[in-house]
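Inspection log for the structure reproduced underneath, given as structure tokens.
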Amino acid sequence: MVLVDDAGAARLVDVLFAVARARTTAVVFGDLAQPWPRVRPRELAEVPEVRRWTLTTPFAHCGVHTPADAHSHPGCAVLDRQYRFGPGVQALADTIGYPALSAAEGRETEIVLLDTAGEPVERAALVPLIAAGHAAVLAPDREGVRSWLDVLRETRTVDVGTVSTVAGHEFGTVVLDLTGDDWRDRVRAFLSGIARARDRLYLLADLDAVRGAELGTPLGAVEALRMRGGLSVRRLGGQVIPRQRRQSETAWHVTVHPRQPSDGTMTG
């Protein structure tokens, strides 16, 4: 028997390889809302072989494109609810139109909007908030991942990557970087990202951008939750997270005077 997990985001060619190893039974398990596979450069998406074997998910290959398809398919067993997080996460998903995330009884997931105020993100200042437990930082693309890895490479308890590359269904703390990309074209990835947070979800964004976001977008969902009082707003670089010292702000001048030891050698 072979069980393929996270098949909603997997490439068909990889799943076929795994399924071919099964002698009697193969179970393909996953979420239709997971972000689909991507290719770079984008022109490759128009190549017929790439579209068939790389961009087609195993569910689509079996004719399952929507939850309704899954319910009507004779080979599908459907779990249509997830109960792993607090009501704030459910509210974010509901605002975007994804009703499958339901709050678990007694579970509270703290949601914090870290306001960058339009300034460059001081990523190192976030380390104390996320290093003390199993955490994940999710960036929208590879460029964002590289920026975070420069800071968090030595932090063993923090996974860094995109929603598609970070393995694991649940983390104590999740940081969703909404600064360089508003995730407007990555709604599936946004939904998958917020569903990874168990205890605490940090949304890193410019508060002014959130206030001006359109309904139906990820930032619009954040704004709707903020207006209902479902999240707290903290200023990044303010009192909660102290600013890193810049060399231009604090300069140390050290003058070394040589001294003559008793053996006649010079030391500094």
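Taken together, the values in this text are just the output of simple stated rules run on the coordinates, not laboratory data. Here the structure is a predicted model, which is why all the values come from computation and not from measurement. Glycine also receives a Cβ, built like all others from the backbone with ideal geometry; neighbour counts cover every protein chain displayed.
Couple of notes before you dig in:
- In terms of other Cβ atoms within 10 Å, 183, 148 run from fewest to most in the order 148, 183.
- Modelled label positions at residue 208 and residue 167, each set 7 Å beyond Cα in the direction of Cβ, lie 4.3 nm from each other.
- Here the range 2-72 is assigned +1 on the Cβ of each Lys and Arg and -1 on the Cβ of each Asp and Glu. Its dipole about the Cα centre then comes out at about 180 debye.
- Sorting 147, 192 by the number of Cβ atoms found within 10 Å of their own Cβ, with the fewest placed first, yields 147, 192.
- This model, with +1 at the C-beta of Lys and Arg and -1 at the C-beta of Asp and Glu, gives the range 82-235 a dipole about its Cα centre of some 340 debye.
- What separates the Cα centres of the range 178-210 and the range 1-54 is a distance of 25 Å.
- Ordering of 221-230, 17-26 by packing is 221-230, 17-26, highest average first (other Cβ atoms within 10 Å, averaged per residue).
- Assuming charge only on the beta carbon of Lys and Arg (+1) and of Asp and Glu (-1), the dipole of the chain about its Cα centre is about 360 debye to the nearest 20.
- Estimated at 0.36 nm per residue, the fully extended path between residue 73 and residue 108 surpasses their Cα-Cα distance by 9.1 nm.
- In plain terms, the chain from residue 228 to residue 47 could stretch by 60.6 nm, reckoned as 0.36 nm per residue minus the Cα-Cα distance.
- When each of 232, 102 is scored by the number of other beta-carbon atoms lying within 10 Å, the sequence from fewest to most is 232, 102.
- For the chain, the Cα gyration tensor yields ellipsoid semi-axes of 43, 25, 18 Å (square root of five times each eigenvalue, largest first, whole Å).
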